[in-house]
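This report refers to the structure that appears directly beneath it.
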Amino acid sequence: GAVVSQHPSWVICKSGTSVKIECRSLDFQATTMFWYRQFPKQSLMLMATSNEGSKATYEQGVEKDKFLINHASLTLSTLTVTSAHPEDSSFYICSARDMSATYNEQFFGPGTRLTVL
Amino acid sequence: QKEVEQDPGPLSVPEGAIVSLNCTYSNSAFQYFMWYRQYSRKGPELLMYTYSSGNKEDGRFTAQVDKSSKYISLFIRDSQPSDSATYLCAMILNSNYQLIWGAGTKLIIKP
């Protein structure tokens, strides 16, 4: 199956710093990638849809200036958490849609655990 | 009311038992129905998907969709301790690519 990687897998940072998370589709091209966050014992919450070459579409309640998304190529999307605060601590997961798939299958990365001190 | 309802569990069954996991939904426009498995601190992994109503079998797993009742199920036969995980149902409209998720059911298979 298709593989999606995320880097880093975990990060600890001080409050006020910015953190960049990378999401890569390793063996397929993805015009669309999705960013989710997941709190403990809860389901995934879609934050934004990232389209290659255009601006991301953010879900209601997600601050676009706080969570900067860049989808510069067909295999890479980045999420930057700017001026991170403890309440931003969460599990961030990306997914990528395989352009060649016959239906809209999304492949998920392993997630990035962010802890803001 | 949430678009997709799923009992969060936990559901605890003995090894070898048949497991039944279910979701109900309210939007009759959903076309694709998926089941994902998520181990602790890992990303979701697609187990099964079905298009519209019907059954689909893959090894020990069977996915069932009943669009008339707006009800989907995942059955796991001969359950193993390694099946212990959170199982999330997800659905997608045919007009966009956004997955609508259930809350996830935590499944525990006791040896």
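We did not get these values from a lab; they are worked out from the coordinates using the rules stated. None of these values were measured; they are calculated from a predicted model. Using ideal geometry, Cβ is built from the backbone for each residue, glycine included, and neighbour counts are taken over all protein chains shown.
Worth a mention:
- Alpha-carbon spread of segment B:38-97, three principal axes, descending order, Å: 35, 25, 17
- Computed over chain A, the alpha-carbon pair-distance distribution with 10 angstrom bins reads 15, 48, 31, 6, 0, each value a whole percent.
- DSSP beta bridge pairing in the protein assembly as shown, given as percent antiparallel to the nearest 5: 90 percent
- Taken over chain A, lysine pairs spaced eight or more positions apart, or on distinct chains, with alpha carbons under 23 Å apart number 7.
- The charge dipole of segment A:1-94, taken about its Cα centre with unit charges on the Cβ of Lys, Arg, Asp and Glu (plus for the first two, minus for the last two), comes to roughly 120 debye.
- Cα pair count fraction exceeding 25 Å, expressed as % - the protein assembly as shown: 41 percent
- Rounded FRET efficiency, nearest 0.05, which uses the C-beta distance separating residue A:41 from residue A:82 and R0 of 22 Å: 0.20
- Relative to one another, the C-alpha centroids of segment B:29-84 and segment A:46-100 are positioned 27 Å apart.
- Cysteines without a disulfide-compatible partner [the protein assembly as shown; Cβ-Cβ under 4.7 Å]: A:13
- Check: chain B dipole with +1 on Lys, Arg Cβ and -1 on Asp, Glu Cβ, in debye: 160 debye
- Taking B:34, B:48 and counting other C-beta atoms within 10 Å, the order from fewest to most: B:48, B:34
- Nearest-20 debye value, the protein assembly as shown charge dipole, Cβ charges on Lys, Arg, Asp, Glu: 360 debye
- Look at the dipole of the protein assembly as shown built from charges on Cβ: of A:67, B:39, B:24, the Cα furthest out on the positive end belongs to A:67.
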